[in-house]
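Below is one structure, written out as structure tokens; the observations come after it.
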Amino acid sequence: MESAMSLRIKNPVAKVFGFWEKAKTAAERYFVERFPLEIIYIVFFLLDFPSLEELRLVNTTFKGLVESIAEYRFIREYAYEAVCMMCRTHISSYYTIKDIYNELRYPQCRTCPEFGPFLHLPTLRRCCYKCNAEDPSYRLARLCDLRVYFHLEDEDFRDIPLINCMLQPGTYIASVSRSMEIVGKLYGPDKAQQIMEANELQGEGSDEGGNQFWMEDLRNDGGQPSNRSRIPWGELGTPWMQFRATAPFPYYDHTKGPVEHGTYCRTCCGEIGRELEHTRDIGNARKWEYYRAFRETELSLHWLECHAEDSSEDSSEDSYSQELA
């Protein structure tokens with residue numbers, strides 16, 4: 001009969017990880033001796049990314065503690081581009097490591113069943129291209145416009161993330177839905193809906209005509225369009241304001257191995273690309289097909305329904321997926 005013996009370590013922080021030997025001062029030794037490892041992880045897990053980066057620089061004790069957090073390592077390795085964009089737009093302090101990691105583990109867009117290769121920074125929600133451009137919950141506006149249309153003061157925005165535009169330093173944008181929540185708290189939900197309806201009737205905030213208060217085209221701002229497989233700023237009429245607050249965001253599943261950035265059907269993209277050679281007005285439906293991303297396991301099902309695949313003469317060569325770089 002097999003037998004085994006187990007030992008309970010009273011303080012794994014000091015005994016297993018060796019943090020006690022690294023602690024140089026009495027205060028450091030008190031910290032690693034008195035607090036259980038589980039409590040330390042819970043506290044660190046509720047800190048934002050810049051705070052953990054600063055803790056790493058304190059000394060080797062804290063550096064070892066921070067780098068022993070698996071979630072921190074995954075975010076730093078797989079979602080560092082999104083975290084850097086949060087820091088550059090001045091909203092990284094609004095979200096904890098736990099918030100970012102939970103979104104990293106969720107594959108679908110938060111407003112539809114499609115795969116979401118992007119992260120909407122003002123709300124920290126995973127999204128697809130279509131929902132980011134069309135869904136009202138992702139709408140953004142300049143802070144100066146929100147103050148006017150919602151009758152708010154600067155101090156009213158202290159509890160919601162304000163995005164600092166990287167191409168227009170000093171210009172801040174915020175989520176319209178979050179701003180409406182502020183109006184609802186101050187004046188009631190009925191008042192918020194009345195203000196929204198009044199602005200839309202006046203042509204403010206609609207996607208057609210008026211001042212296009214929610215969205216503007218990047219061409220009017222002198223920006224440069226980027227590769228389709230990254231952030232599609234201004235390409236095919238993309239609303240620039242939406243994607244200045246959006247970052248590429250992979251999906252990570254520790255049970256299945258590598259991360260997924262999203263794959264695209266090359267046949268669909270090639271067919272739509274040929275249409276773009278003759279006209280820029282291809283309609284929203286075709287635009288969504290052009291930017292639609294899939295998980296690798298979903299792409300085989302898409303090929304069964306792909307109309308471009310059926311009409312393509314060289315489908316055997318063009319049926320490969322183009323993976324996000």
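Derivation of every value follows stated rules applied to the coordinates shown; laboratory data play no part. Bear in mind the structure is a predicted one, so any value in this text is a computation, not a measurement. For neighbour counting, all protein chains shown are included, and Cβ atoms are generated from backbone atoms with ideal geometry for every residue, glycine included.
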Stretched fully, the stretch from K256 through R295 gains (0.36 nm per residue minus C-alpha distance, one decimal, in nm) 12.8 nm
Once the Cβ-Cβ distance between E134 and E77 is put in as r, and R0 is 30 Å, what FRET efficiency do you end up with, to the nearest 0.05? 0.40
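What's the extension gain from H302 to K63 if we count 0.36 nm per residue and subtract their Cα-Cα distance?
Details: separation 239, 0.36 × 239 = 86.04 nm, distance 4.57 nm.
That works out to 81.5 nm of additional length.
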Find how much the distance from A70 to D154 grows on full extension, using 0.36 nm per residue of separation minus their present alpha carbon separation; answer in nm with one decimal. 26.4 nm
Taking a crude spin-label model, label points 7 Å out from Cα along the C-beta direction, the M166 to L46 distance in nm is 3.2 nm
How high is the FRET efficiency from E53 to C112, r the C-beta distance, R0 35 Å, rounded to 0.05? 0.55
